[in-house]
Structure formats: C-alpha cells, structure tokens
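Enquirer: Quick one: the structure is below, and I'll ask about it shortly.
The values are calculated or read from the model by the stated rules, or taken from the named source; none is laboratory data. Note that the structure is a prediction, hence the values are computed from the model and not measured. FYI the Cβ positions are ideal-geometry reconstructions off the backbone, even for glycines, and counts take in every protein chain you see. Note: accessible area is taken over every heavy atom of the protein model, side chains too, but ligands, DNA and RNA are not part of it. Shrake-Rupley method; radii C 1.70, N 1.55, O 1.52, S 1.80 Å.
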Amino acid sequence: MGAARDAAVAESGESWVGDHLGVTSGADGLITSAFACAAEAYRGWYWAVVLAPSPAGATVCEVVLLPGDDALIAPVWVP
C-alpha cells in the first residue's frame, strides 16, 4: 500500500489523498489500490492506483481520479 499511496500523493498532494478504501487484483496480475479523495470539491470520488508487481517491488502503471457511486458528475451533454 505504501507505493500506491505515495503515487497518489505525488499526483495530487497530501491533502487530497484520504483513507485507503481497498485493493483489487485483476486476472492480468495488476493490483489496484483505492483511496478516498479528501478534497471538498470531489466528495464521493476516489484515487485508483494501478500497480504491476515485480521482484524489485512494484511499478506504478496509472494514477487516476474516478467517480464513486455517490459522486456528483455532470449529465451527458446533449446538443
């Protein structure tokens, strides 16, 4: 979890990364750690950090901010 949290903090800053929400692993061997977004404007969103395990530790593949079930998101644009 340390490498994942460090990657989220490097992407956004310490004040934006909240509690650890859990870990999932995919069939491809990648591990995704989720952290609550602590920024007031992004309630319900979370940081997803994808890691590839390696003998030397872990390689960070991606850090993204994603909407959770309770996130406020814009409606689909209709022209």
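Enquirer: Please go through the range 4-16 and give me each residue that is over 10 Å from Val63 (Cα atoms) and surrounded by fewer than 16 Cβ atoms within 10 Å (Cβ to Cβ), ordered by number.
Expert: Within the range 4-16, Asp6, Gly13, Glu14, Ser15 meet the criteria.
Enquirer: Additional query: What strands (runs of 3 or more DSSP E) completely inside the range 1-57 contain at least 2 residues that are in contact with a helix residue (DSSP H, G or I) (Cβ under 6 Å, 6 or more places away or on another chain) and not charged (D, E, K, R)?
Expert: 31-37, 45-54
Enquirer: Given the conditions (1) under 16 Å from Val9 (Cα atoms); (2) over 12 Å from the mean Cα position of the chain (by Cα); (3) open to solvent by 40 Å² or more (accessible area, probe 1.4 Å), report the number of the one that Leu65 does not fulfil.
Expert: Unmet for Leu65, out of (1) under 16 Å from Val9 (Cα atoms); (2) over 12 Å from the mean Cα position of the chain (by Cα); (3) open to solvent by 40 Å² or more (accessible area, probe 1.4 Å): (2).
Enquirer: Now a separate question. What number goes with the only condition from (1) on the phi > 0 side of the Ramachandran plot; (2) out of contact with any strand residue (DSSP E or B) (no Cβ under 7 Å at 6 or more places or on another chain); (3) not hydroxyl-bearing (Ser, Thr, Tyr) that Gly44 does not pass?
Expert: So Gly44 meets the others, but not (2).
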